[in-house]
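Please treat every number below as a calculation from the coordinates, not as lab data. Values in this document were obtained by computation on a predicted structure and should not be read as measured data. FYI the Cβ positions are ideal-geometry reconstructions off the backbone, even for glycines, and counts take in every protein chain you see.
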Amino acid sequence: NARHLHEALPAAAAREKHALLDRLARWIRLMHDRGVSHRDLKAANILVTPDGECHFVDLVGVGTRTRVSRRRRVRDLTRLNASFVAAADVTRADRLRFLRTYLCWGLAGRGDWKDWWRAIERGTREKILRNARRNRPLA
C-alpha cells in the first residue's frame with residue numbers, strides 16, 4: 001500500500017506532511033553522511049508506507065564513496081527539488097523546513113543555509129531548462 005512521495009504529500013494533513021518531510025530530510029542526510037549518493041533522487045523513486053516510512057527505489061543511480069561532497073549533496077537535493085516544481089502543495093516554506101532539517105539547524109546553528117538554498121535553486125532552474133531543451137518531462 002505504499003505510494004510515491006509526490007502522491008503521499010498532497011494527501012497528507014499539514015502535521016503529517018511536516019513529519020514526512022522531516023523524516024525524509026533526516027534519511028537523506030544520514031545517507032549522505034554515510035557516503036551514499038543517489039543521482040536520480042526524485043519523488044517517483046521514494047515510496048511512503050501508510051505509517052509514514054520512506055523507502056528508496058530504483059537504486060541504479062546509487063553510489064558509495066568515502067565522503068559525499070557538498071557538490072554531490074546539492075546535486076541530489078536539486079534533483080529532488082526539481083521533481084516538485086509543478087507541485088502546488090509543496091510550498092517554499094516546506095522546502096525550507098526540509099533544508100533546515102537536512103542541515104541540522106538546531107545542532108549546528110544556521111550555518112550557510114542561504115548558500116545551499118541558492119545552489120539548489122540555481123541547479124533546479126538549470127535542470128528545468130535542460131529538460132525543456134531535450135523535450136523531457138520533469139519526473
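For the chain, the convex hull drawn through the C-alpha positions has a volume of 115 cubic angstrom per residue. The mean of 1/r over all distinct Cα pairs in segment 2-75, once inverted, gives the Kirkwood hydrodynamic radius of 12.8 Å.
For the chain, the 222 nm mean residue ellipticity estimated from helices alone, with every DSSP H stretch of n ≥ 4 adding -39500 (n - 2.57) and the total spread over all residues, rounds to -17000 deg cm²/dmol. Charge dipole of segment 59-139 (Cα centre as origin; +1 on each Lys and Arg Cβ, -1 on each Asp and Glu Cβ, all else neutral): 380 debye, rounded to the nearest 20.
Between residue 11 and residue 34, what is 0.36 nm times their sequence separation minus the Cα-Cα distance? Round to one decimal in nm. Write out the running numbers ahead of the final one.
Working: separation 23, 0.36 × 23 = 8.28 nm, distance 3.13 nm.
Between residue 11 and residue 34, full extension yields an extra 5.2 nm.
Annotation for residue 105 and residue 126: the two label points, set 7 Å from Cα along the Cα-Cβ direction, are 2.6 nm apart. Measuring between their Cα centroids, segment 1-62 and segment 71-139 lie 14 Å from each other.
Between 22, 89, 76, find the one with the highest GNM mean-square fluctuation for the chain; connect C-alpha pairs within less than 10 Å. Of 22, 89, 76, the most mobile in the Gaussian network model is 89.
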